[in-house]
Amino acid sequence: MKDRFFNEWNRREFLQGIGMAAAGMTLSACGINADRSAKGLTEEAAAVKQIVDSGTLEKPNLTIGYVPVNDCAPFAIAWKKGFFRKYGLNVKLNREASWATSRDGVIFGRLDASPVVSGAVTNARIGAEGARHAPLCAAMTIHRHGNAMTMNKAMWDFGLRPWREYNGNLEEFGKQFRAFLQVSQQKKKFGP
């Protein structure tokens, strides 16, 4: 039986074996390293002169979590340029998989700080949406989200205006917006 296995492969078995081996190598090469955190100092950061002695700080070694979206830019740039080092901080940036893991990292003490979406702090304080009840506070607001609804010419021609022009009457804005959507859908169904 053992001799048959090595000596009598047919073409199909050989190709299947090679295919499985190639697939296995390909998938293993695609594996994401679990620790993709920024390590050490960049040349720029190493050249920065410290103006605060890290020995005078209560906690000079910090682990800051981040979700790799635009929100992490201030932390990534500060690490790369040496701003943390300048003020005596040894910061390790720790990549997080989601906003929830970022929030939970702070709650359970794995992270010292982390930018999280604005609702995460409130949810943690009241124990909503699966968050463990924890006394978190938002030390600073990085941004208030630049979400916007951009109007096209058809909306403007229909009579829709920016919401601020409704002087707080968002119900009227909503009615006009729904009317625009209904007219647009009818035009798509029946033509202009």
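No lab work stands behind these numbers, since they all come straight from the coordinates. Keep in mind it's a predicted model, so treat the numbers as computed, not measured. Cβ sites come from the backbone with ideal geometry, for glycine too, and all protein chains shown count toward neighbours.
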Dipole magnitude of region 35-111 about its Cα centre, charges +1 at Lys/Arg Cβ and -1 at Asp/Glu Cβ only, in debye to the nearest 20? 100
Packing rank of 168-178, 72-82, 96-106, 17-27, where each peptide gets the mean count of other beta carbons within 10 Å, highest leading: 96-106, 72-82, 168-178, 17-27
Give the shape of region 65-138 as rounded, prolate or oblate, defined through the alpha-carbon gyration tensor: a ≥ b ≥ c are the square roots of its eigenvalues, a/c under 1.5 means rounded, and otherwise the shape is prolate if a/b is larger than b/c and oblate if not. prolate
R0 of 35 Å, Cβ-Cβ distance L62-M25: FRET efficiency to nearest 0.05: 0.35
